[in-house]
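Some notes on the structure that comes next.
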Amino acid sequence: MFRSIRHTSIVFAAALLVAAACGPATTPGPSGSAGASPTASAGGAASTLVWYSDVSDLISLDPAVVYEFSGTLLAHNAYETLVKFEGADLATIKPGLAQSWDIKDTGSTFDITFKLKTGQKFASGNPITADDVVYSIQRAINLNKSPAFLFTDIAQLKPESVKASDASTVVVSLPKTASTQGFLSILTFTIGGIVDSKAVKAKESAGDFGSGYLLDHSSGSGPFIIDHWTKNSEVLLKANPNYGGTKPTLSAVLVKHVPESTNQQFALEKGDADIAKNLSPQQIKALQGKPGVTTASGNSLQLVYVGMNATFKPLDNADVREALRTAVDYDGIVNNLLSGNAKKVQDIVPAGLAGYNDATPFQADVTKAKALLAKAGQTSITLELLVSTGPAPGGAQWSDIAAKLKDDWAKIGVTANIKQTAQAELLTTYRAQKGQLVLILWGPDFPDPDANVGPFTDYNAKSIAFRNGFNDATYADKARKAAVITDPTARAAAYKDITDYMLHNGPYVILYQPTAQFGLRSNVKGFVWSPVDWTDFASISK
Amino acid sequence: MRFLAFLLRRIVGIAAVMIGVSVITFAISHVVPADPAVAALGDHATDAQIAAFRAEYHLDRPLPEQYATYVVGIVHGDLGKSIRTRRAVADDLADSFPATLELSFAALAVSLLVGIPAGIWSAIYRGRWPDVIVRIAALAGGSLPVFWLGLIVIGLGYYQLGWFPGGGRLDTFVPPPPTRTGLYVIDSLLAFDIDALRSSLIHLVLPSLTLGYFSTAVIARMTRSSMLEVLGQDYMRTARAKGLAERIVVVRHGLRNALIPTVTIIGLTFGSLLSGAVLTETIFSWPGLGRYATASAISLDFPAVLGVTLLAAIVYPVANLAVDVAYYWLDPRIQRG
């Protein structure tokens, strides 16, 4: 009996495998993979964009919860915000659901009054009202998830700071210690996504503000709605028929979780993927000139830098820090290690933000660096350089960049002992102010210079300045004041002063600002990558 | 009765293994020099957020108390909440385990269907060219890194020839069958969904070949050596002397005896398939336990790591138990002993 069952099952398994291996019409098609079925849930491959990327960071699609790259990309396309940045331009805040906004200094607060556009609808068909805006902002504050600090700490909002004065007018009161420009840029981010309060309230359970439902559904007014999220596999977005803006030409966007970059490249070349997000510089190079594919790049706001802990001798000496900055071959890192996938930036504000300082005075000057060390009374220094495992933004491995720095510093008599650890371990050490030299990256929490200048200068904020023992009360104060200046010219001047100072006095070697690289099918048009890590799928066609 | 006692002994043994594994994993995952709260919240989190997170996951409590809380949870069927995905670990495991199970079964099928005939063939033609081919292939199977093999297989089967899909469990536009077991092949059969069946089968080919190559090699070698031993036995000579056809001698009298040691290693092999799925799953975008385990380990998601470890700790002994039970029926000598 046992034997016969075993035989039968083996024969059955064999038959299945043979059938699979010999199955006809199973060759992956030119667009949309093997056998795009007519019962396709996405409505056919022709107008569906297939996006391959590593989305292992995805934990929620709720705009009040997402603070991860993949979640940001998806939620941005399902929700609209009061104000927005368009494309790659982060200099001009444009109307979103609000047609206008007005900032008034009441003496004790800054009051921002938003007038909503009329006739706007959610995907459900419900009209968008001031109550939805109030609910959405209060919901994000009350949920208090990862991005909530943008509202509660940076903008210093309380639930009662947001009020609807009529059906199409919302007033937000900010304390005068908060930056109105910073707040407007926060509103462009996913946490500013306006949810359909009627629909979400109907899904609330046990005081969760509907976050159980919005985890894998959408209830917004963006160009797309979330059709489904199959964990660890894919997220399907479908066009929102009630979208108030220019209707997207794509009927759907399928985001497939493909962690292996070689696999992404293969699928792109075969036509199974329309866009591949996680290709290495070598793969991007290999794609160039191949038929049917093209490449695109986008800016990011990240900075890759070395933190020099000034509580650790001899890094407490400003000349030693300046010597380390002076000795680095920045051009070599950008052009050779990263194949040009980065911009040489040496100050604490990245290009693309107001307050960016384009001065790049440092480039592998061994003589000058040695002189600085001599001035500091140092001839040979040994330091530990902490670096994470895995790839750094721009495409090189963290360890390769560390090795390059070690070489550059060896030329001036500085020995950097590289210690490579998991990111989590590195952060634990760094946050505790226990690193000596730490190679790491920073991306601003919101597209405003304050999101970099604050953490990089203010010791008491217990962020980057603290971790590197940089305690300069004068410039921390200047940074706090610059943040709340409302006049753009005066604000730019204040940031110029701070960044000029930090360039030579900060405890940082700012190495580069990476660019993001993408592989695209040649028929994909209108793709623009926003430096705040998303793309507007509605502007893409294929 | 004796069988029940045997079964009971094994189940008690499994429980003991589980307790041991949970203590060791718990201890190891809590002595790493990094803070899971920092791993989860990252560079930008404030000290207050870190503190709140530590309180939420009881990381601020003494280690024995954390362990006690964890064990009490397990007894109540609660494996805790994943730090990385913010979902119940049990739900995550229920999502990813069937995918790995399906892949492992397919790889095991490949190993048996290819390994056993290859081993027999090799033994019969000992020292001649079929033997040489099998032995070289088996040597390669034992020594090729899975990651490299996977890329070669995908490069050839998908990129060059275009015969098979490049990853995932289903074609892009084929909706998954309604979940009953989580094994797409079974579920699509139950739902009579031919599209999903075809799609899930063809998606299994490349990853199961990649994952199954190593165990195919092991099984082929094991079958070869035990077959060689059996072929030289007196009862084989007797069977031949009786005038039986060579095919019947080999299959009826030889193979049946030669397979006993092979059955023994199937249990072990199945366990190693499950753990070996990590790299295969990454290369083939296979949404299984291996990838879940890797991602969890990288982000110091200790509730998830513990959940995966406990699951693996069950699967190994259960697979071996199944083999032992099979043995018990197969080989009368074991019943006596």
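The values are calculated or read from the model by the stated rules, or taken from the named source; none is laboratory data. The model shown is predicted, which means the values in this text are computed figures rather than measured ones. Virtual Cβ from ideal backbone geometry, glycine too; neighbours counted across all protein chains shown.
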Of all residues in the stretch A:98-133, count the ones that are outside any strand (DSSP E or B), under 19 Å from A:Gly182 (Cα atoms) and among the aromatic types (Phe, Trp, Tyr).
-> 0
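Listed residues B:Gly73, B:Gly80; which is within 26 Å of A:Phe69 (Cα to Cα), surrounded by 14 or more Cβ atoms within 10 Å (Cβ to Cβ) and more than 14 Å from every other protein chain (Cβ to nearest Cβ)?
Values: B:Gly73 fails: within 26 Å of A:Phe69 (Cα to Cα).
Exactly one residue qualifies, and that residue is B:Gly80.
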Yes or no: A:Leu187 within 20 Å of the chain's Cα centre (by Cα) and either surrounded by fewer than 20 Cβ atoms within 10 Å (Cβ to Cβ) or free of Cβ contacts under 8 Å to residues at least 24 places away in the same chain (or both)?
-> no
Top-ranked residue of the stretch A:262-287 - restricted to ones that are free of Cβ contacts under 8 Å to residues at least 24 places away in the same chain and more than 29 Å from A:Ala239 (Cβ to Cβ), ranked as nearest to the other protein chains (Cβ to nearest Cβ) = A:Thr262
When A:Ala376 is evaluated against the numbered criteria (1) in contact with a Pro (Cβ under 8 Å, 6 or more places away or on another chain); (2) buried (at least 19 other Cβ atoms within 10 Å of the Cβ), which criterion, by number, is the only one it fails?
-> (2)
Which of the following residues is at pLDDT 95 or above and β-branched (Val, Ile, Thr): A:Ile154, A:Ile103, A:Ile93, A:Ile112?
-> A:Ile112
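Would you check if A:Phe224 is of a type outside the set (D, E, K, R), out of contact with any strand residue (DSSP E or B) (no Cβ under 8 Å at 6 or more places or on another chain) and touching a residue at least 40 places away in the same chain (Cβ under 8 Å)? Let's see the steps before the verdict.
Numbers: of a type outside the set (D, E, K, R): yes; out of contact with any strand residue (DSSP E or B) (no Cβ under 8 Å at 6 or more places or on another chain): no; touching a residue at least 40 places away in the same chain (Cβ under 8 Å): yes.
When the stated conditions are applied, A:Phe224 does not pass them.
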Here are some residues: A:Ala422, A:Ala410. Which one is free of Cβ contacts under 8 Å to residues at least 60 places away in the same chain, under 24 Å from A:Asn278 (Cα atoms) and surrounded by fewer than 22 Cβ atoms within 10 Å (Cβ to Cβ)?
-> A:Ala422
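A quick yes/no check of all residues on (1) outside any helix (DSSP H, G or I); (2) within 14 Å of chain A (Cβ to nearest Cβ); (3) over 23 Å from B:Ala123 (Cα atoms):
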residue: B:Arg240; (1), (2), (3): no, no, no
residue: B:Leu255; (1), (2), (3): no, yes, no
residue: B:Ile260; (1), (2), (3): no, yes, no
residue: B:Ile266; (1), (2), (3): no, yes, no
residue: B:Ala293; (1), (2), (3): no, yes, yes
Selection from the stretch B:96-107 of residues in contact with a Ser or Thr (Cβ under 9 Å, 6 or more places away or on another chain), hydrophobic (A, V, I, L, M, F, W, C) and either modelled with pLDDT under 90 or surrounded by fewer than 24 Cβ atoms within 10 Å (Cβ to Cβ) (or both) yields B:Leu101, B:Phe105
Note: among A:Asp131, A:Asp105, A:Asp89, just one is surrounded by fewer than 16 Cβ atoms within 10 Å (Cβ to Cβ), of a type in the set (Asp, Glu) and closer than 27 Å to A:His217 by Cα, namely A:Asp131
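Given B:Met227, B:Met222, which one is under 24 Å from the mean Cα position of the chain (by Cα), at pLDDT below 90 and more than 9 Å from chain A (Cβ to nearest Cβ)?
Working: B:Met227 fails: under 24 Å from the mean Cα position of the chain (by Cα).
After ruling out the rest, the residue left standing is B:Met222.
Which one is farthest from the chain's Cα centre (by Cα) among residues in the stretch B:31-55 that are outside any helix (DSSP H, G or I) and at negative phi?
Going residue by residue through the stretch B:31-55, those that are outside any helix (DSSP H, G or I) are B:32-35, B:42-46.
The next check asks that each one be at negative phi; those that pass are B:32-35, B:43-46.
Details: B:Val32: 27, B:Pro33: 30, B:Ala34: 30, B:Asp35: 31, B:Asp43: 36, B:His44: 39, B:Ala45: 38, B:Thr46: 41 Å.
Selected residue: B:Thr46.
How about the stretch B:137-174: which of its residues are assigned to a loop (DSSP other than H, G, I, E, B) and over 23 Å from the mean Cα position of the chain (by Cα)?
Correct list: B:Leu161, B:Gly162, B:Trp163, B:Asp171, B:Thr172, B:Phe173, B:Val174.
When you look at B:Val23, is it loosely packed, with under 14 Cβ neighbours inside 10 Å and either within 30 Å of A:Ser388 (Cα to Cα) or of a type in the set (Lys, Arg) (or both), yes or no? Working first, answer last.
Values: loosely packed, with under 14 Cβ neighbours inside 10 Å: yes; either within 30 Å of A:Ser388 (Cα to Cα) or of a type in the set (Lys, Arg) (or both): yes.
The answer is yes for B:Val23.
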Name, by its number, the condition in (1) out of contact with any Ser or Thr (no Cβ under 9 Å at 6 or more places or on another chain); (2) more than 12 Å from chain A (Cβ to nearest Cβ); (3) modelled with pLDDT of 80 or more that does not hold for B:Arg2.
-> (3)
Enumerate the pairs (first residue in the stretch B:270-292 and at pLDDT below 85; second residue anywhere and part of a helix (DSSP H, G or I) and of a type in the set (Phe, Trp, Tyr)) with beta-carbon separation below 7 Å, excluding pairs fewer than 6 apart on the same chain, so at least 6 apart or on different chains.
-> B:Gly271/B:Tyr316; B:Gly276/B:Phe214; B:Leu279/B:Phe147
Note down all Cβ pairs under 6 Å where the first residue falls in the stretch A:288-307 and is more than 28 Å from B:His44 (Cβ to Cβ), the second is exposed (fewer than 14 other Cβ atoms within 10 Å of the Cβ), and they're at least six residues apart or on different chains.
-> A:Gly292/A:Ser522; A:Thr294/A:Ser522
When you go through B:Leu113, B:Leu93 one by one, which is the residue that is within 13 Å of chain A (Cβ to nearest Cβ), without any contact (Cβ under 8 Å) to a residue 60 or more places away in the chain, surrounded by fewer than 24 Cβ atoms within 10 Å (Cβ to Cβ) and of a type outside the set (Asp, Glu)?
-> B:Leu113
Out of (1) more than 23 Å from A:Gln397 (Cα to Cα); (2) among the hydroxyl-bearing types (Ser, Thr, Tyr); (3) away from chain B (no Cβ under 13 Å), the one A:Thr415 does not meet is (1)
Would you mind telling me which numbered condition in (1) assigned to a loop (DSSP other than H, G, I, E, B); (2) more than 8 Å from every other protein chain (Cβ to nearest Cβ); (3) modelled with pLDDT of 90 or more B:Leu197 fails?
-> (1)
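Quick one: would you say A:Ala206 is of a type in the set (A, V, I, L, M, F, W, C) and free of Cβ contacts under 8 Å to residues at least 60 places away in the same chain?
Details: of a type in the set (A, V, I, L, M, F, W, C): yes; free of Cβ contacts under 8 Å to residues at least 60 places away in the same chain: yes.
So A:Ala206 fits the description; yes.
Residues to consider are B:Ser285, B:Ser272, B:Ser225; find the one that is buried (at least 22 other Cβ atoms within 10 Å of the Cβ) and of a type in the set (S, T, N, Q). Show your work before the answer.
Numbers: B:Ser272 fails: buried (at least 22 other Cβ atoms within 10 Å of the Cβ); B:Ser225 fails: buried (at least 22 other Cβ atoms within 10 Å of the Cβ).
Sole residue among the options that is buried (at least 22 other Cβ atoms within 10 Å of the Cβ) and of a type in the set (S, T, N, Q): B:Ser285.
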Does B:Tyr213 satisfy the condition of being in a helix (DSSP H, G or I), surrounded by 22 or more Cβ atoms within 10 Å (Cβ to Cβ), under 20 Å from the mean Cα position of the chain (by Cα) and away from chain A (no Cβ under 14 Å)?
-> yes
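Among the listed residues B:Pro177, B:Pro130, which satisfies the condition of being more than 12 Å from chain A (Cβ to nearest Cβ), of a type outside the set (A, V, I, L, M) and not in a helix (DSSP H, G or I)? I'd like the intermediate steps shown before the answer.
On the way: B:Pro130 fails: not in a helix (DSSP H, G or I).
That would be B:Pro177, the only listed residue that is more than 12 Å from chain A (Cβ to nearest Cβ), of a type outside the set (A, V, I, L, M) and not in a helix (DSSP H, G or I).
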Looking at the stretch B:44-53, which of the residues that are surrounded by 14 or more Cβ atoms within 10 Å (Cβ to Cβ) and touching a Lys or Arg at 6+ places or on another chain (Cβ under 9 Å) is nearest to the other protein chains (Cβ to nearest Cβ)?
-> B:Thr46
Can A:Arg431 be described as touching a strand residue (DSSP E or B) at 6+ places or on another chain (Cβ under 8 Å) and basic (Lys, Arg)?
-> no
